[in-house]
Every structure is written in C-alpha cells, then in structure tokens.
Amino acid sequence: MLRKLIAGNWKMNGLKAEGVALARDLGIRYAEDEDAAFDMLICPPATLIDSVGEVIAGSGILLGGQDCHSETAGAHTGDVSAEMLADLGCSWVIVGHSERRQDHGEIDLAVAEKAKAVHRAGLCAIICIGETEAERAAGHALSICSRQLAGSIPTNATAENTVIAYEPVWAIGTGKTATAGDVADVHSHIRAELSRKIADADKVRILYGGSVKPANAAELMSVPNVDGALVGGASLKADDFWAIGQSCA
Ligand code: 13P
C-alpha cells in the first residue's frame with residue numbers, strides 16, 4: 001500500500017486572514033499527530049502561498065500551487081512559473097484541473113507542457129483527468145481517461161515526480177460522488193494505462209477527487225488503487241479536512 005496523500009485544493013477561495021487561520025489550525029493538528037498515516041498537502045490560491053507557507057513551516061504539511069505556466073519567466077501577464085512556486089516553498093503543483101481545461105481551454109498537450117515545467121523546477125505534478133457527465137453517460141469514461149493520460153503525462157514522469165488525480169467532472173462541487181465500484185474500475189484502468197508510460201507505475205499515487213467529505217472518505221480511501229484524495233470544498237473547513245485525513249488510518 002502506498003502512503004496516502006490528502007491534498008486540499010482551495011481553488012479561488014480565501015482572503016489572507018481566514019486562509020492563514022485555516023492553515024495554522026491544520027499545521028498545529030498535523031504537527032501534533034506523530035502517527036499521521038497520510039501526507040497532507042495544501043494548495044492555496046497564489047495570493048496566499050507565501051503567508052500559508054510561513055504558518056505551516058515545520059509542521060510537516062506540504063505546500064503546492066494550483067497551476068503554473070510552462071515557461072520559466074517572461075511576458076506572460078497574470079501567470080506564475082513553477083520556479084516562482086518553488087521559490088515560495090511549494091513542492092507540488094496541480095496541473096490540468098478540469099476547471100482549467102474548461103475555463104482556460106487547456107488541452108492535453110498544454111497540460112503535459114505544464115507538468116514538464118513542474119518537473120524542470122524539481123517539483124511534483126498532480127495531473128488531473130476525468131470525464132464529463134455526458135461522456136460517462138455515453139460509456140466513454142475509461143476511453144476519455146486513457147486519452148487524457150496519454151496526452152497529459154510528459155515523458156520524464158516517474159512515481160517520485162508525478163501523481164494522477166481522477167476527478168470525474170460531474171462529481172466536482174456537486175455533492176455527487178462516484179460509487180466505490182466505479183472508482184475501483186477507473187483507478188485500476190488508470191494503473192494499467194500508467195504502466196505504458198511510467199516504469200514504476202505501481203508506485204504512482206492515484207488520487208480520487210469530487211465531493212470527498214468526511215461522510216464518504218473512509219469508503220473511498222479503502223478502494224483498491226485509491227492512494228489519497230484531492231479535496232475542494234471540504235478542504236476549506238479544518239474539521240472536515242482533518243477528518244478526511246483521519247479516514248486513512
Ligand atoms: P470538491 O471537493 O469541491 O467537489 O472539488 C473537487 C476538486 O475539484 C478538487 O480539485
């Protein structure tokens with residue numbers, strides 16, 4: 001069994017005071033829990049990375065960005081590079097989230113370029129994939145995941161620098177979750193597909209995301225090939241996010 005990764009994607013949420021308070025609360029809990037059976041990662045909005053990094057320093061909680069540009073630096077107004085995220089203490093970057101794919105038209109190739117940039121900066125990429133409701137209804141869930149994996153994983157990916165997050169788009173922020181059986185099917189399919197691209201595919205962590213909450217976390221985290229969670233809404237409440245971590249025990 002791989003050590004579970006519980007990652008909080010705060011998305012575009014949090015002003016400084018509340019973000020810092022949330023991070024401080026989690027930092028205290030994680031630092032005090034010497035037997036924590038999971039790695040905890042927080043991905044705040046770019047505006048809060050520096051201040052969140054300061055309050056979780058020394059707690060053992062990992063820090064990450066939600067996106068990055070594929071270039072190191074240059075004339076790209078509004079973007080941040082992986083090197084800039086590394087400079088603030090990030091060790092992880094989420095790439096290819098469905099909200100980026102939808103809102104910013106990011107295609108698989110662009111996601112692969114971003115993941116390559118994350119690796120270039122010495123960080124770990126969380127590469128997100130997942131089908132829409134219409135694609136699942138049409139019976140294409142597995143083939144969409146295959147296509148996104150084939151196109152979004154750069155050639156230098158290893159189990160050390162890459163994590164996959166399966167986030168069915170229809171389950172994100174909707175309160176709907178995939179059944180344990182559906183998650184098991186997709187995750188074992190992802191594991192098989194990874195072996196075509198990554199030598200140590202059995203060591204790559206595969207996260208589930210989409211309306212993960214304390215009430216469903218234990219069941220989801222016990223599904224074979226589920227090696228953690230990428231949590232949106234519930235990561236904004238310290239009690240809920242902590243309870244999701246505890247469900248890994
Ligand atoms: P929710 O947990 O709010 O459904 O969001 C999931 C997600 O998109 C995490 O990246």
Filtering segment 8-20 down to residues that are over 20 Å from Asp39 (Cα atoms) and aliphatic (A, V, I, L, M) yields Met12, Leu15, Ala17
Just to be sure before I move on: is Thr47 touching a residue at least 12 places away in the same chain (Cβ under 8 Å) and more than 20 Å from Gly122 (Cβ to Cβ) in the structure I sent?
yes
Within segment 153-181, residues within 15 Å of the ligand (Cβ to nearest atom) and of a type in the set (Gly, Ala, Ser) come out as Ala165, Ala171, Gly173, Gly175, Ala178
Going through segment 40-70 in order, the residues found to be touching an Asp or Glu at 6+ places or on another chain (Cβ under 8 Å) and under 23 Å from Gly105 (Cα atoms) are Cys68, His69, Ser70
message = Criterion first (surrounded by fewer than 21 Cβ atoms within 10 Å (Cβ to Cβ), among the basic types (Lys, Arg) and within 16 Å of the ligand (Cβ to nearest atom)) does Lys203 satisfy it?
response = no
Scanning segment 91-112 residue by residue, those of a type outside the set (D, E, K, R) and more than 16 Å from the ligand (Cβ to nearest atom) turn out to be Ser91, Gly105, Ile107, Leu109, Ala110, Ala112
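Taking segment 162-181, which residues are surrounded by fewer than 17 Cβ atoms within 10 Å (Cβ to Cβ), touching a helix residue (DSSP H, G or I) at 6+ places or on another chain (Cβ under 8 Å) and at pLDDT 95 or above?
Selection gives Ala180 alone.
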Looking across segment 126-144 at residues that are in a loop (DSSP other than H, G, I, E, B) and of a type in the set (Gly, Ala, Ser), the single one that is surrounded by the fewest Cβ atoms within 10 Å (Cβ to Cβ) is Gly139
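The values are calculated or read from the model by the stated rules, or taken from the named source; none is laboratory data. Just so we're clear, the structure is a prediction, and the values are computed from it rather than from any experiment. Neighbour counts run over all protein chains shown; Cβ positions are idealised from the backbone, glycine included.
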